[in-house]
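Colleague: Quick one: the structure is below, questions incoming.
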Amino acid sequence: MFPEQSLFSPHDHWMRQALDQARAAFEQNEVPVGAVIVQNDTIIGVGCNQRETLKDPTAHAEILAISQAAQTLGSWRLLDCTLYVTLEPCPMCAGAIVQARIPTVIYGTTDLKAGACHSLYEITSDPRLNHRATVMGGVLQEECKAILQEFFQIQRSLGKK
């Protein structure tokens, strides 16, 4: 489904930063999804899922990273930025990506239940919308998938989620 990834993809470094955010979410008993936004080889926004902690259904990693990046830049337009996220964005997050004008999205593993960039919907490339993003999936896919699988295996063993 994805183009061959080099063992030393230039995106691996930034996806590892997003994985660090996913691990932080895992440690907080949150679904382990992490995101970073990069501009000019500098991280300007980070986020990890915080829905349980903040009691906020919109507190997804991407939304929190977008908010922080907008504050950093002093603008809601995140032009010339790349969003790295460990899981394919959901419809809400894909909509936020379009609204923020993020031109490039790199994600780790697909979300067959809620993915809105490739799996279920293609919001970020819908020509009817006023902005489109270039999206690439599969970067460090196995690592991104593994942390989610581990989290949900633990949750099932505890009778949760």
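The values are calculated or read from the model by the stated rules, or taken from the named source; none is laboratory data. Bear in mind the structure is a predicted one, so any value in this text is a computation, not a measurement. Cβ coordinates were reconstructed from backbone atoms using ideal geometry, including for glycine residues, and neighbour counts include every protein chain displayed. What goes into the accessible areas is simple: the full protein's heavy atoms, side chains included, and nothing from ligands, DNA or RNA. Shrake-Rupley method; radii C 1.70, N 1.55, O 1.52, S 1.80 Å.
Colleague: If we scan segment 49-57, do we find a residue that is open to solvent by less than 70 Å² (accessible area, probe 1.4 Å) and farther than 20 Å from Glu143 by Cβ?
Modeller: Scanning segment 49-57 turns up at least one residue that is open to solvent by less than 70 Å² (accessible area, probe 1.4 Å) and farther than 20 Å from Glu143 by Cβ.
Colleague: What tally of residues in segment 139-149 results from selecting those that are touching a residue at least 60 places away in the same chain (Cβ under 8 Å) and either within 12 Å of the chain's Cα centre (by Cα) or surrounded by fewer than 19 Cβ atoms within 10 Å (Cβ to Cβ) (or both)?
Modeller: 4
Colleague: A further question follows. How many residues are touching a Gly at 6+ places or on another chain (Cβ under 9 Å) and surrounded by fewer than 16 Cβ atoms within 10 Å (Cβ to Cβ) if we restrict to segment 73-90?
Modeller: Adding up the residues that qualify gives 0.
Colleague: Additional query: Give the residues of segment 12-22 that are touching a residue at least 40 places away in the same chain (Cβ under 8 Å) and open to solvent by 50 Å² or more (accessible area, probe 1.4 Å), sorted by residue number.
Modeller: Listed by number, the residues that qualify are Arg16, Gln17.
Colleague: Quick check, is Arg156 open to solvent by 40 Å² or more (accessible area, probe 1.4 Å), more than 19 Å from Gly34 (Cα to Cα) and touching a Cys at 6+ places or on another chain (Cβ under 9 Å)?
Modeller: no
Colleague: Which one of these does Ser125 not meet: (1) open to solvent by less than 40 Å² (accessible area, probe 1.4 Å); (2) over 21 Å from Val31 (Cα atoms)?
Modeller: (1)
Colleague: Any residue at all in segment 102-116 that is over 17 Å from Gln21 (Cα atoms), open to solvent by 50 Å² or more (accessible area, probe 1.4 Å) and not small (Gly, Ala, Ser)?
Modeller: Looking through segment 102-116, at least one residue is over 17 Å from Gln21 (Cα atoms), open to solvent by 50 Å² or more (accessible area, probe 1.4 Å) and not small (Gly, Ala, Ser).
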